[in-house]
Amino acid sequence: MPDAPDKFDPLGLLATLDRHRVAYIVIGAFARVVQGADEMTRGVDIVPAMRPENLRRLTTALDELNARRPDGQALDGEALSREEVLGLMTDRGELKVVPQPEGTRGFEDLRRAASREYLGRGVRTSIASTGDLARMLSALGREEDIHKLIDIRRVMELERGLSLGL
């Protein structure tokens, strides 16, 4: 029986993607939290590699997660490459698939600076760099994101300070 729709289990969600060998990078609020930002979230945003084989694996993982559109419409595999942002509800919480986030050229662009982070329960995943997270927030140009941008820039300053001390 599926979990309640309000259940948020990011490690379970990411473990499912990993089990299906989906190539992706975590972005958005969950990535900022992993990088050290003081923020709350109830979902995970990912940028998948857009190769056909990877999209097939992602579709299989989404089926296992019982992914569905918030309006109840059926999810078709073509939506992964057609939509700018595909918002989904899963048995593990909200998931947004973003093929090319604002201010980036997609997976290959973000992969160069992403880091592999151990999150717990055997989950080790690629997280966008703080610089790329700030770049994406800036490119969105939304007033409600200003405090998030300030917060991630503080994290960047801390990272720089730590690297100078080494």
Would you list the helices (runs of 4 or more DSSP H) that sit entirely within segment 74-159 and hold 1 or more residues that are closer than 25 Å to LYS7 by Cβ, among the hydrophobic types (A, V, I, L, M, F, W, C) and out of contact with any helix residue (DSSP H, G or I) (no Cβ under 9 Å at 6 or more places or on another chain)? 79-82
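If the requirement is being exposed (fewer than 15 other Cβ atoms within 10 Å of the Cβ), charged (D, E, K, R) and within 28 Å of THR16 (Cβ to Cβ), which of these qualifies: ARG142, ARG92, ARG121, ARG154?
On the way: ARG142 fails: within 28 Å of THR16 (Cβ to Cβ); ARG92 fails: exposed (fewer than 15 other Cβ atoms within 10 Å of the Cβ); ARG154 fails: within 28 Å of THR16 (Cβ to Cβ).
Among ARG142, ARG92, ARG121, ARG154, only ARG121 is exposed (fewer than 15 other Cβ atoms within 10 Å of the Cβ), charged (D, E, K, R) and within 28 Å of THR16 (Cβ to Cβ).
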Do any residues in segment 92-112 that are farther than 20 Å from THR59 by Cα have Cβ atoms under 6 Å from those of residues that are β-branched (Val, Ile, Thr) and modelled with pLDDT of 95 or more, where the two are at least six apart or on different chains, and which pairs are they? LEU110/ILE25; LEU110/VAL47; LEU110/THR104
Can you tell me which residues in segment 32-48 are in contact (Cβ under 8 Å) with a residue 60 or more places away in the chain and closer than 17 Å to GLY87 by Cα? VAL47
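The values are calculated or read from the model by the stated rules, or taken from the named source; none is laboratory data. All values derive from a computational prediction rather than experimental measurement. For neighbour counting, all protein chains shown are included, and Cβ atoms are generated from backbone atoms with ideal geometry for every residue, glycine included.
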